[in-house]
Amino acid sequence: MTQPDGQHHASSNGRAGLLFTAFEPSGDDHAATVIAELRRRHPDLPIYAWGGPKMERAGATIVEHTGHDAVMGIPGPAKIMEHFQVNRRVRQFVSDHKLLVHVPVDSPAANTPLARISKARGVKVVNLVAPQFWAWGPWRAGRLRRISDLVLCILPFEEPWFAQRNIPARYVGHMLFDHRLDGDGLDRQAAAYPAGAPRIALMPGSRPKEIKRNWPALLQAYRRIKQRFPEAAGMVAATTPPVADELQRVARSHGGWPPGLGIESSQTDAIIRWCELALVVSGTVTLQIAKQVKPMVILYKTSRVMFTLIGTWLLRAPYFTLPNLIAGRRIVPEFVPYYGDGSEIAAAAINLLENRELMELQERELAGVVRLFRGLSASSRAADAIEEVAGLRGTR
């Protein structure tokens, strides 16, 4: 999760600053846009982060790099021990630096104890990306109330959920929808990808355990689709070159890399533009696909034992995937939790591909989800809220 750089960075001329803590690639995405907006407004404001490369490029001073081996769901013993070590280093950092606001980004398992550390030292806490307690363990809301001055929500239904539990919350919109895509540029990129029909995008996630569990099922699903549609073409969207290498390594031990299947790193939007249908591991990328109104089938494989023992006790939402949660109904086929070999994924995909009416219905439903975010500038609204809590309004 983290790679300590072995040093603490001194405050700029002793000026109080902000601290962001993010532990997943999606958190790096969400925080980066808000940091960039705050940096634009306050060029000299110290902004520190436990975070990733996008946060660093946006203008944060990285204390420790995070996100390369994030865990979704229930962490194992080694990850829990690593969290304890991070807690110790953050506690020392908060003691050594003057901070106005701590901004934990999602990842409640990692961020809740860090927020508690900050509050105990008199630092205000603004949660960016509300913890999904409405889905997993709603009784934890009381804990969030005690450690938060404000919770910023990126999904429309979250603000009233938290407000009903006396937690200060504000809906800001989703950072993913802040900027328009360069359609012409994406078309030029997509033109270089394989020709064929249908065109299938495979999105296996970025976390090591996601790849280990989900990628073989996605490969098998693609092979079955290829059997039904011999002219089909496929593209794999890898988040980074190391992830691309890992995907190819895993494929070699699961029947080999399918002939004609392409792979690109850091080109997710172009691959979405190219495809007719996406097979995707559940996560923020499902909204990235929805933004381009492309049909999809979603899965998430996890440990059957862990889900049976713990997940069924914690999970409270009727759906797991973001498009269905936002729509309030099942508009996208979702297989979560999934324990199969990919055959069910292939069957759902083939059903869509053979029924144009179903594809068009899903496109209309996804367009309705996207409309809920239209006209909002989530990064700007989140920066406004952080400024207010930090007492920075009027200092630009």
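The values are calculated or read from the model by the stated rules, or taken from the named source; none is laboratory data. Please read these numbers as outputs of a predicted model, since none were measured by experiment. Counting neighbours? That spans all protein chains shown, and the Cβs are built from the backbone with ideal geometry, glycine included.
Pairs are defined by a Cβ separation below 7 Å, a sequence spacing of at least 6 or placement on different chains, a first member in region 153-176 that is over 18 Å from Pro108 (Cα atoms), and a second member that is of a type in the set (Ser, Thr, Tyr) and in a helix (DSSP H, G or I); the pairs so defined are Met175/Thr33; Met175/Ser379.
Residues are listed down the side, and each one gets a yes or a no for (1) surrounded by fewer than 18 Cβ atoms within 10 Å (Cβ to Cβ); (2) over 24 Å from Leu353 (Cα atoms); (3) at pLDDT below 80:
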{"residue": "Pro295", "(1), (2), (3)": "no, no, no"}
{"residue": "Lys301", "(1), (2), (3)": "no, no, no"}
{"residue": "Met306", "(1), (2), (3)": "yes, yes, yes"}
{"residue": "Leu309", "(1), (2), (3)": "yes, yes, yes"}
{"residue": "Leu314", "(1), (2), (3)": "yes, yes, yes"}
{"residue": "Ala317", "(1), (2), (3)": "yes, yes, yes"}
{"residue": "Arg330", "(1), (2), (3)": "yes, no, no"}
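Just give me the residues in region 266-288 being closer than 15 Å to Ala190 by Cα and either at pLDDT 95 or above or crowded, with 24+ Cβ neighbours inside 10 Å (or both), in sequence order. Those that are closer than 15 Å to Ala190 by Cα and either at pLDDT 95 or above or crowded, with 24+ Cβ neighbours inside 10 Å (or both): Gln267, Thr268, Asp269, Ala270, Ile271, Ile272, Arg273, Trp274, Cys275, Glu276, Leu277, Ala278. Considering only region 200-210, I want to know if a residue exists there that is in contact with a Gly (Cβ under 8 Å, 6 or more places away or on another chain), of a type outside the set (Val, Ile, Thr), surrounded by 12 or more Cβ atoms within 10 Å (Cβ to Cβ) and part of a loop (DSSP other than H, G, I, E, B). There is at least one residue in region 200-210 that is in contact with a Gly (Cβ under 8 Å, 6 or more places away or on another chain), of a type outside the set (Val, Ile, Thr), surrounded by 12 or more Cβ atoms within 10 Å (Cβ to Cβ) and part of a loop (DSSP other than H, G, I, E, B). When Leu100 is tested against (1) of a type outside the set (S, T, N, Q); (2) crowded, with 23+ Cβ neighbours inside 10 Å; (3) farther than 21 Å from Ala163 by Cβ, exactly one condition is not met: (2). Summed over region 149-196, residues that are under 22 Å from Thr284 (Cβ atoms) and assigned to a loop (DSSP other than H, G, I, E, B) total 12. Could you check, for region 383-396, whether at least one of its residues is outside any helix (DSSP H, G or I) and under 20 Å from the mean Cα position of the chain (by Cα)? Looking for residues that are outside any helix (DSSP H, G or I) and under 20 Å from the mean Cα position of the chain (by Cα), one finds none in region 383-396, hence no.
Condition check ((1) assigned to a helix (DSSP H, G or I); (2) within 18 Å of the chain's Cα centre (by Cα); (3) touching a residue at least 60 places away in the same chain (Cβ under 8 Å)) across all residues:
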{"residue": "Asn214", "(1), (2), (3)": "yes, yes, yes"}
{"residue": "Ala221", "(1), (2), (3)": "yes, no, yes"}
{"residue": "Ala251", "(1), (2), (3)": "yes, no, no"}
{"residue": "Gly256", "(1), (2), (3)": "no, no, no"}
{"residue": "Asp269", "(1), (2), (3)": "yes, yes, yes"}
{"residue": "Ala278", "(1), (2), (3)": "no, yes, yes"}
{"residue": "Thr286", "(1), (2), (3)": "yes, yes, no"}
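Scanning region 359-368 for residues that are in a loop (DSSP other than H, G, I, E, B), among the hydrophobic types (A, V, I, L, M, F, W, C) and either under 19 Å from the mean Cα position of the chain (by Cα) or modelled with pLDDT under 95 (or both) turns up nothing. Restricting attention to region 123-148, the residues being in a loop (DSSP other than H, G, I, E, B), more than 17 Å from the chain's Cα centre (by Cα) and surrounded by 19 or more Cβ atoms within 10 Å (Cβ to Cβ) number 2.
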